[in-house]
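Everything on this sheet refers to the single structure shown next.
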Amino acid sequence: MDDYDNARAERDFRLNPPQSSPIDGDDWDSLPTGSSSVGSENSFSGSNYNNGNFNINSVLNGNDSQSQNNTQIQQQSLTPEFDAMWGAAKTAFHVVSVVCREFGRSFMNNTKSDWRKLGKRAFVFGGCTAGIGLFFTLLKPFVPSIREPWWLGIGGLLAVIVGLVLIMFIEVDGNEVTQDVVETPVTNENPAINSYNSQDIDDMFAGLDDEVEDSDTSDSSDYDGIDWDSMSDEFADDFSEPEEEYVDNSNCAGSDGFDAEKAVEGVVAEKGIWTRQYLFETFKGILPSLNPGYARTTELDYNDSEFMMFSEYIRTAARQYGCKEENLPDLMRMTKNLFLYRLECTRSPGLKEEDIANEVANMYSRDENGKVVNEKTYATTDSSGDTFVINLFTGENCMVSLKDIYNTIPDYILNTDVKMPYVWGINEFGDVLKCDLEGCESMLFCGETRCGKSWKGQSVLAQICMFSSPKEVEFYIFDPKGMQSDYYYPSKYLPHVRFFCGEPKKMVGYLDRLFKYVEDTTGKALKEAGLLNIADYNKKFPMNKLPYRYILVDELMTLMTKELDKDDGNKFQDYLSSIVSKYAYFGIRVILFPHRIVNDVIRKNTYTLISSRAVVRQLSEDEVKASIGVTRKQFPYHLCNKGDMGIVSRDINNGKATFCHAEVLSGSNNANFEIFEFIGGVWKRLIPEIENIEFDDTGLVGGSIGIPVAVRLAEKREVIDHTAGKESYKYNPKKQDDEDDVFAGENSDLVLPEPDVDESWLNDIL
């Protein structure tokens, strides 16, 4: 911090210019100082001063040891000394008033930081006062006119004791970290700029604060007898990263001692009865926590070295763009969170904030030799009134788990008015992006390989299945990777998954059967009830709800360009277009995971109708524009890290493109599969009959059509297992199985007939 002492002093003078001389009405040049006052003689020798100097004994004893002819000179010389003493008295009074005001402010604000500051200042002030009292006590035998100086020492010692008590109280009772930080929830709104023009204790003793509060710039020789090194934890105010919060993941998925089957056996469940709170507490309990302090925001004091570093960056950048010295912007407030530094600055005429922000990011990304050490650093700007804000993204990657987010928004998850609570992730300020999937309909996630898209897909699948029963939600998964799919093992565990298809040649036939089934069940139910959509039907008939059906398609680009022939590809595209248009009213939705958005992968009139779209870890402006329909100017973010997304959803930010960092279930695939096994096991305990349902090779209940699913689930059937054995439910990456289709049984070679569907009734409804 030594490098920023001059800059800090310059900043204090610039933001708090003196209104008059240091002591109003006084000429400091007239005060006696060291060698100029005494010439070649010792100032305490008892000899006479020449040219207005005086004998110190005459001041202390009140006796005039000078001759009669020096009386007039001495009386004349007392005038400037009296003025100096009067000025010192006024200064002391002002100091006392400021200290009292600071003390009163501590009472009014009642914050840990204020109490701790007061304690440290009381300790230093009391120590200095006690030292002065000790000095005059030792001097009293030689100067009899000094009366009762020990009272001054006692008062100082009392102040020292009060300061230590306050510091110890804060440490013990508040568990406060060693630095003064302000933790506040982050919002998208620009916080009010702090005023630095108030005449508070920091302004009066800026130099003292540098010595006392900043242990890096303090000189131990200034405080003989005090071991500052041993007390650095008590008095250091330099900013440092808060200690990581301890997280107990010993009973969570992914830990060495976690067993999904045993965890399910320990679940207290009553058949057919559950609440949102029960589901929330049950599933959250086994989710691991990775970054519990993700929402923490730390405010840096202007005495901090990082604050001064960025202040110099901003002013240097402004100089490079021709800003005059008197118009250079000042850094007024600085906060720091998981992703960025937020710098609030004064505006300067003629400067483009974008230029300043980019130059600051450029300087921050380089080391002392000018070499770029972080290519992911970039900045965005925002302006309001007489201030502008630089959001400097550090480029650091992180993982925030679903449990971390759930711990911060329990009220939202427990709100039963939210039918299908869903978390998109968090924005750059740590705010949670969330919505109700009941009104969200279809989703699309575009991104290259290893961008975090698959883990986001697994989180989507888990979130839906945790709070919706297999009676309310069904999944039909298509992935040409077969057993190598990220959804293969989850499909084995989750009763929500009706079938998993890893054979591209069978996909179109499966969709034929599925749409015929939905038309003959959900379509007829809506027609008989005189309703247009499944949401209205479920509100009217809550005891016999119709399920939402999600068609999840991974590796869409591979499927459309390599696996399907032209006829099947066109038919597959037709189904996708129908789902996002008219079949959305039937509760059929798609979740698509293409690498790129091009017409030979997905038609433009299809993906534009998808209500929620996201692009994951993509730097190309053209790809971002193709995926979510925005330019760099409209969306100035760089999606550099895994999980970084740009999303457009009518339920988020009024449909505007928004930066989002996706959450994860855990930190490994093994832990993810354990979570899915637990979710499936809990639902099988809550709805035991779900395992006694007979499915055909397309996942349709009983292989027949026309009987509501809710009725079939209530029926008792003999278990007929069309899946692999129970032992295969355990994740074993080394095990190879020739069976690509999870639900393929003896009817796997069944030739699926072409559906003969009369859609006239559908047109009547619409």
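Values in this text are rule-based calculations from the coordinates and carry no lab data. The shown structure was predicted, so the numbers you read here are calculated from the model rather than taken from an experiment. Don't worry about glycine lacking a Cβ; one is built from the backbone with ideal geometry, like all the others, and counts go over all protein chains shown.
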By how many nm would the segment from N570 to S255 lengthen if fully extended, with 0.36 nm per residue of separation less the alpha-carbon distance?
108.8 nm
Order the peptides 153-164, 135-146 from the highest to the lowest mean number of other Cβ atoms within 10 Å of their residues.
153-164, 135-146
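Mind ranking 121-129, 352-360 by how tightly packed they are, going by the mean number of other C-beta atoms within 10 angstrom, highest first?
On the way: 121-129: 20.1, 352-360: 18.6.
Top to bottom by mean Cβ count within 10 Å: 121-129, 352-360.
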Taking N as the number of residues in segment 537-628, what is its alpha-carbon radius of gyration divided by 2.2 N^0.38 Å?
1.24
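Regarding segment 289-359, what is the average projected area of its C-alpha convex hull, in nm²? Present the calculation step by step, with values, prior to reporting the outcome.
Details: hull surface 21.7 nm².
Average of the hull's projected areas for segment 289-359 equals 5.4 nm².
Per residue, how big is the convex hull of segment 247-313 when only Cα atoms are used? Give it in Å³. Write down the numbers at each step before the final one.
Details: hull volume 10.0 nm³, N = 67.
Taking only Cα atoms, segment 247-313 has a hull volume of 149 Å³ per residue.
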Whole-Hz ³J(HN,Hα) from phi, Karplus 6.51 cos²θ - 1.76 cosθ + 1.60, for segment 624-641, glycine and proline x
4, 5, 5, 7, 10, x, 10, 8, 4, 5, 6, 9, x, 8, 9, 8, 8, 10
Cα-based Rg and Dmax for segment 305-429, in Å, come out at 18.4, 59
What lysines could a cross-link reach from K456, if we take a straight Cα to Cα line under 16 Å and drop same-chain neighbours fewer than 8 places away?
K403, K434, K642
